[in-house]
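**Student:** Dropping the structure in here first, questions after.
The values are calculated or read from the model by the stated rules, or taken from the named source; none is laboratory data. Keep in mind that this is a model prediction, so the values were computed, not measured. Note that we place each Cβ from the backbone using ideal geometry, even for glycine, and neighbour counts take in every protein chain shown.
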Amino acid sequence: MSATVLAFLALLLIVGSVIFWFRLALSVRLPENRTGFVLIWASGTLLGVIALVQGAGWISGIPAGLAVFIGIFLLFTVTISPQQVAPDAIAVGEALRDFSALDENGEPFELASTAGRPLLLKFFRGHW
């Protein structure tokens, strides 16, 4: 297979899987087992490396290089990420369990105190 075909196939695998990943993320349906995505990213990275080793010119070198860079980045972030779905996580559409926490002013807040009134809760989780 030519380096050009491998390069564009590698980039297509990576970009296609990232688009699919973000569609799942937007609909809050990311899978707990992400092995399929990791295998696709690793395959795309490997195809990009093979295309570069085969002596890809600049037309195929750019997509091959992008596939390798993006694939390594994705594999690295998945490897170092401690993020996991908790076994007792609340599912989309499920009723919110009672909890207490501090509000933005440092005052105690209890969910039970809002019973019967409309409420918008905004949670922020930093990934750093």
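**Student:** Report every pair of residues separated by at least 6 positions or lying on different chains whose Cβ atoms are under 6 Å apart, first residue within the range 89-103 and closer than 17 Å to Ala25 by Cβ and touching a residue at least 60 places away in the same chain (Cβ under 8 Å), second in a loop (DSSP other than H, G, I, E, B) and among the hydrophobic types (A, V, I, L, M, F, W, C).
**Tutor:** Short answer, once both residue conditions are applied: Val92/Val28.
**Student:** Being surrounded by 10 or more Cβ atoms within 10 Å (Cβ to Cβ) and either farther than 30 Å from Ala7 by Cα or of a type in the set (Phe, Trp, Tyr) (or both), is that true of even one residue in the range 57-75?
**Tutor:** Yes, the range 57-75 has at least one match.
**Student:** Residues in the range 105-118 that are in a loop (DSSP other than H, G, I, E, B) and either touching a Leu at 6+ places or on another chain (Cβ under 8 Å) or at pLDDT below 80 (or both): how many?
**Tutor:** Total satisfying the criteria: 0.
**Student:** Could you tell me which numbered condition Glu94 fails, if it satisfies all but one of (1) out of contact with any helix residue (DSSP H, G or I) (no Cβ under 7 Å at 6 or more places or on another chain); (2) over 30 Å from Ala115 (Cβ atoms)?
**Tutor:** (2)
**Student:** Moving on to the next point. Scanning the range 75-124 for residues that are among the hydrophobic types (A, V, I, L, M, F, W, C) and touching a strand residue (DSSP E or B) at 6+ places or on another chain (Cβ under 6 Å), which turns out farthest from Leu46 (Cα to Cα)?
**Tutor:** Phe109
**Student:** Can you say whether Leu39 is within 20 Å of Met1 (Cβ to Cβ), assigned to a helix (DSSP H, G or I) and modelled with pLDDT of 85 or more, as far as the supplied structure shows?
**Tutor:** When the stated conditions are applied, Leu39 passes them.
**Student:** Which one of these is in contact (Cβ under 8 Å) with a residue 12 or more places away in the chain and in a loop (DSSP other than H, G, I, E, B): Val28, Val18, Val68?
**Tutor:** Selected residue: Val28, the only one of Val28, Val18, Val68 that is in contact (Cβ under 8 Å) with a residue 12 or more places away in the chain and in a loop (DSSP other than H, G, I, E, B).
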